[in-house]
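Shown next, in structure tokens, is the structure this report addresses.
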Amino acid sequence: MAHLSFAFKTLTRLVTAQPRDCPYCGARETQLLARKKLLLELRRCPDCLLKFRYPKEDARSNLEFYQEEYSEGMTTEMPSDAEIARLMETNFAGSDRDLSINVGLVDRHARKGRLLDYGCSWGYGLHQFRQAGFDAVGFEISKPRGDFGREKLSVEILNDFKQLEALTPGSFDVIHTSHVLEHVPDLKYALNTFRRLLADDGVLFIFVPNAAGQQAREMGLKWGHHISEKHVSALDAEFFRRSLPEYGFSLSFSSYPHNAAPRRADAQGVPQLDGIELLVIARREAEVVRLELASTGT
């Protein structure tokens, strides 16, 4: 049913000639890179360098999709009480939701403090961050998964964008978002949210499929993590290098298995990153934060 609904929405957008402008920066002229299953296009914005799916997604349809239709293994399949107890006892070690690599990287490159897990599903990552000593809060647009996490894991999960907007600026020392932004149709809103909520010298950790990695280059749109019903963008380091400094971030990058020191971009661009997963470590510059607070009178 979900695939039929997606096909219908896609055809409707094609018939009504949805504009091919960039969903991030609004540039009117974008470039066709490839086609997938006749109906979908991978397009690239020459201004902000975002690679995105056309036809594009809108925020309302995206929100509805993630309430009931989205399915992604243990991310969306809530375990039984007995399984939950076992997973919590082992801190999810060895399971599909073992985020020990992410937790270790965050612990290595940021100070412990208040952490926002943006796109936290039912809170398995929140549990692991709390076990590592972080004061972790989650945000998840799926209300069923948010309800499950609050009830079964006793974690704090926000489900409404208005709850995020009501938070005090600089509320978090760390923001972690893992394999979420490629699903998000309004990246500008998300990045503005991160800028507002990060404290002075706070750190943003972005994990996404690496759309410029070796597998992506070799397989093209046959690579399963490229654009699809679920993935509205194909994200790479060049897009983040172009976009994130505007929000006051200094950047470093690595790719899976993340066993080398993260590398900074230079005047020639970003380093070669061949792994299947991209990590962007974006540090909120203290001087930028002070200037923004002064300008708003906060």
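Only the coordinates and a few stated rules stand behind these numbers; no lab work does. Source: prediction; values computed, not measured. Here the Cβ is made from the backbone with ideal geometry for all residues, glycine too, and neighbour counts use every protein chain on show.
The candidate values are (i) 17.8, 50; (ii) 19.0, 53; (iii) 24.0, 101; the one derived from this structure for Rg and Dmax of the Cα atoms in Å carries the label (ii).
The modelled label-to-label distance between LYS9 and GLN131, using points 7 Å beyond Cα along the C-beta direction, is 3.5 nm.
Net charge of the neighbourhood of PRO19, taken over other residues with C-beta under 9 Å away and scored Lys/Arg +1, Asp/Glu -1, is +2. If R0 equals 30 Å, the separation of the Cβ atoms of LYS143 and ALA261 corresponds to a calculated FRET efficiency of about 0.15.
Computed 3J(HN,Hα) for segment 205-214, one whole-Hz value per residue from the Karplus formula 6.51 cos²θ - 1.76 cosθ + 1.60 where θ = phi - 60°, is 10, 10, 10, 9, x, 8, 6, 10, x, 4, glycine and proline marked x. How much FRET efficiency would the formula 1/(1 + (r/R0)^6) give for ALA93 and GLU285, where r is the Cβ-Cβ distance and R0 is 25 Å, rounded to 0.05? Efficiency computed from Cβ-Cβ geometry: 0.10. Toward the positive end of the charge dipole of segment 82-296, with +1 on the Cβ of Lys and Arg and -1 on the Cβ of Asp and Glu, the farthest Cα among PHE129, VAL155, SER95 is that of PHE129. For the chain, the Cβ-based charge dipole about the Cα centre amounts to some 780 debye (Lys, Arg positive; Asp, Glu negative; other atoms uncharged). Derived scalar couplings between HN and Hα for segment 237-253 equal 5, 4, 4, 5, 4, 7, 8, 5, x, 5, 9, x, 9, 9, 10, 9, 9 Hz in order, rounded to whole Hz, by the Karplus curve 6.51 cos²θ - 1.76 cosθ + 1.60 (θ = phi - 60°), x for Gly and Pro. Charging the Cβ of each Asp and Glu at -1 and of each Lys and Arg at +1, and nothing else, the dipole of segment 51-112 about its Cα centre rounds to 580 debye. Take the Cα of SER100, step 7 Å toward its Cβ, do the same at ASN192, and the gap between the two points is 4.1 nm. Dividing the helix sum by the residues of the chain, where each DSSP H run of 4 or more adds -39500 (n - 2.57), gives a mean residue ellipticity at 222 nm of -9500 deg cm²/dmol. Quick one: Cα centre-to-centre distance for segment 247-277 and segment 1-47, in angstrom? Spelled out, the Cα-based centre of one part sits 28 Å from the other.
Enter the Cα centre distance for the pair segment 65-135 and segment 189-214, rounded to the nearest angstrom. After rounding, the separation between the Cα centres reads 18 Å. Among the listed pairs LYS37/LYS230; LYS56/LYS143; LYS37/LYS222; LYS36/LYS143; LYS9/LYS37, those whose Cα-Cα separation exceeds 21 Å are LYS56/LYS143; LYS36/LYS143. Ranking of ASP117, ASP236, ASP200, ASP98 by neighbouring Cβ atoms within 10 Å, starting from the fewest: ASP200, ASP98, ASP236, ASP117.
For LEU50, the residues whose amide H sits under 5 Å from its own are CYS45, ignoring neighbours fewer than 5 places away on the same chain, with H placed 1.01 Å from N.
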